[in-house]
Each structure stands twice: as structure tokens, then as C-alpha cells.
Amino acid sequence: MGKAVYKAPKRVDRLNSEDVQEELQALVNDGVDDLSFDMSDTGYMSSAGLRVLVTMQKELTAKGGRFTVLNVAPAIREVLDVTGLSSVMNIE
């Protein structure tokens, strides 16, 4: 059981979403159950990036853990709101 903060890249899209997912999954596999996804440097997120967020949210919630999205840019927050994801995710 542990806590970690993952610093997201400037863009999370189809070109790097698999790498981001693998890095997050490695943290969970190492015992992290309270994972924060820090988007302070992230200015763009495609649907592939949204999939990563949903996947991690589901996995950690199913294990009794917590997944939190931090420092979301207004444009990305709008997408999370429109898609309804902001109502099922921990966003700070």
C-alpha cells in the first residue's frame, strides 16, 4: 500500500497514451493504491488519454484504492465535464 504522484506529459494522446498507461500500471503493480495524476504541465489530452484516466479510475476503485486527477487545464476540464467523467472521478 502506498501513495504516488505521476507527473503527466505535456500531451497525452494516441502517440504516448500506451506508455503513460504502462507507467501508471507499473506503479499500481508495485503496490501504489493512492495514485495522483498531476496534469499541471498537460495542455492537451485526446480520447486515448481519457481512456487512460478511466482505466486507472476503474482499476484502483475496484481494489479499494483512490485515483485523483490534479491541476487540470480549463480546456481539459471542459472535456471531462462534457463527457460526464468529472462526475465519477476525483478531480482537485
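Select from the range 33-73 those trypsin sites (Lys or Arg not before Pro) which occupy a DSSP coil region and have at most 11 other Cβ atoms within 10 Å, ordered by residue number.
When the trypsin sites (Lys or Arg not before Pro) of the range 33-73 are filtered for loop state and at most 11 Cβ neighbours within 10 Å, Lys63 remain.
Below 20 Å, Cα to Cα, which aspartates and glutamates can Lys10 reach? Residues fewer than 8 away in the same chain don't count.
Cα-Cα hits under 20 Å: Glu18, Asp19, Glu22, Glu23, Asp38, Asp41, Glu78, Glu92.
Run the numbers for Lys58 and Glu92: contour at 0.36 nm per residue of separation, minus the present Cα-Cα distance, in nm.
10.5 nm
Suppose R0 equals 30 Å. What FRET efficiency, 1/(1 + (r/R0)^6) with r the Cβ-Cβ distance, do Asp81 and Glu22 give to the nearest 0.05?
0.60
Efficiency by 1/(1 + (r/R0)^6): what FRET value for Asp13 and Asp33, r their Cβ-Cβ distance, R0 = 35 Å, to the nearest 0.05? Walk me through the numbers on the way to the answer.
On the way: r = 27 Å, r/R0 = 0.78.
Calculated value: 0.80.
Taking the Cβ of Val5 as the center, what net charge do the other residues with Cβ under 15 Å away carry, scoring Lys and Arg +1 and Asp and Glu -1?
Net charge in that neighbourhood comes out at -4.
Largest first and to the nearest Å, give the Cα extent of the chain along each principal axis.
Answer, in whole Å and largest first: 33, 27, 19 Å.
Read-outs: derived from the displayed coordinates by stated rules, not from any lab. Source: prediction; values computed, not measured. Ideal geometry is used to build each Cβ from the backbone, glycine not excepted, and the neighbour counts take in all protein chains shown.
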